[in-house]
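Notes to accompany the following structure.
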């Protein structure tokens, strides 16, 4: 049985204040998501990602606030990431931030990854999820990018402006609402979720005190990481999600990226009662259902995102697993008002 993804409750910093500002009942909303007030007030509690996603969606619906996730994001700062946030705050360059997130983000959650890639004059900050089986995570996604922009502005300066923000889901609010949080070009129903910033706005900064603090923080986080078991299934799922679109998701390539040979990876998966092909199929189908339900992405493009050789291969696989075509499945998920 797949273990549920967990996340530090610091990710919900500001939830209580946002609900109070909207006149809601904090305890009642938390109870509907099987969470408690002490859990979210203790930012280091590990809570199911599914509960967090559900909580934000319930809040948006019951408080009639389509930008609820974004409202919560405005109360967050580096401390929402706990010890990792304190380390990132004292990084002196984008390269340091990238390396720290790659190494230590599992201490915050296994449920998502952030990558930073420089290409030409721009830096692409991409967020990827490992829980596509949880439908309607739009509020959580928007909260994450609201926090991301706030942290970048704190790191670089409040005058920083991004060139474009791309979401893979359909808009949850009017564009004018999004512009209050993101003064930039915003696009929806895209292949991935990412923020694009010009490189000249991400300068290198350096001071001896920050370097000293960073070394101390890294030493503490390294000790925590040694005690933090990194599950082989979650590692494989992460790499498959990262490589599907480039069709680099073969078991040989995934094994190489894990510094294992093919047979060792198969043996490790078998010890957990897992099979690589079954994992790949599960990821593809849960991801496909998420895209079909939460976005208007074209099915041909969807087949490319999921690493199929062509749309007919995707259509055949989807119908075999879901007993209907992708288009029929999407239509079945629509509410009568859509």
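Out of 263, 267, 194, one residue alone is under 29 Å from residue 306 (Cα atoms), assigned by TED's automatic domain parsing to the domain that holds residue 157 and either at pLDDT 90 or above or not in a helix (DSSP H, G or I) (or both). It is 194.
Any residue that is at pLDDT below 90, loosely packed, with under 12 Cβ neighbours inside 10 Å and closer than 16 Å to residue 280 by Cβ - is there at least one of those in region 297-320? Looking for residues that are at pLDDT below 90, loosely packed, with under 12 Cβ neighbours inside 10 Å and closer than 16 Å to residue 280 by Cβ, one finds at least one in region 297-320, hence yes. If you go through region 37-69 and pick out every residue that is out of contact with any strand residue (DSSP E or B) (no Cβ under 8 Å at 6 or more places or on another chain), surrounded by 14 or more Cβ atoms within 10 Å (Cβ to Cβ) and part of a loop (DSSP other than H, G, I, E, B), you end up with 4.
With the requirement that a residue be touching a helix residue (DSSP H, G or I) at 6+ places or on another chain (Cβ under 8 Å) and assigned to a loop (DSSP other than H, G, I, E, B), what does region 162-172 give you?
The answer is 162, 167, 168, 169, 170, 171, 172.
Can you tell me which residues in region 17-36 are surrounded by fewer than 19 Cβ atoms within 10 Å (Cβ to Cβ) and assigned to a helix (DSSP H, G or I)? Passing the criteria: 17, 20, 21, 26, 27, 28, 31, 32. Across region 242-259, the qualifying residues are those that are part of a loop (DSSP other than H, G, I, E, B) and under 24 Å from residue 114 (Cβ atoms), and the one among them that is farthest from the chain's Cα centre (by Cα) is 259.
Here is a yes/no grid of residues against (1) in contact with a helix residue (DSSP H, G or I) (Cβ under 7 Å, 6 or more places away or on another chain); (2) without any contact (Cβ under 8 Å) to a residue 40 or more places away in the chain; (3) under 29 Å from residue 65 (Cβ atoms); (4) outside any strand (DSSP E or B):
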{"residue": "92", "(1), (2), (3), (4)": "yes, no, no, yes"}
{"residue": "124", "(1), (2), (3), (4)": "no, no, no, no"}
{"residue": "143", "(1), (2), (3), (4)": "yes, no, yes, yes"}
{"residue": "149", "(1), (2), (3), (4)": "no, no, yes, yes"}
{"residue": "160", "(1), (2), (3), (4)": "yes, no, yes, yes"}
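In this structure, residue 138 does satisfy being outside the structural domain of residue 244 (by TED's automatic domain parsing), under 15 Å from the mean Cα position of the chain (by Cα) and crowded, with 18+ Cβ neighbours inside 10 Å.
Within region 86-106, how many residues turn out to be within 19 Å of residue 5 (Cα to Cα) and crowded, with 19+ Cβ neighbours inside 10 Å?
So the answer is 3.
Can you name the condition, by its number, that residue 312 falls short on among (1) in a loop (DSSP other than H, G, I, E, B); (2) without any contact (Cβ under 8 Å) to a residue 12 or more places away in the chain? Against the list (1) in a loop (DSSP other than H, G, I, E, B); (2) without any contact (Cβ under 8 Å) to a residue 12 or more places away in the chain, residue 312 comes up short only on (1). For the criterion of being at pLDDT 75 or above and either surrounded by 12 or more Cβ atoms within 10 Å (Cβ to Cβ) or out of contact with any helix residue (DSSP H, G or I) (no Cβ under 6 Å at 6 or more places or on another chain) (or both), residue 210 fails. Scanning region 80-89 for residues that are within 18 Å of the chain's Cα centre (by Cα) and not in a loop (DSSP other than H, G, I, E, B) yields 80, 81, 84, 85, 88.
The values are calculated or read from the model by the stated rules, or taken from the named source; none is laboratory data. Keep in mind the model is a prediction, meaning the values are calculated, not measured. Please note: Cβ atoms are built from the backbone with ideal geometry, for glycine as well, and neighbour counts cover all protein chains shown.
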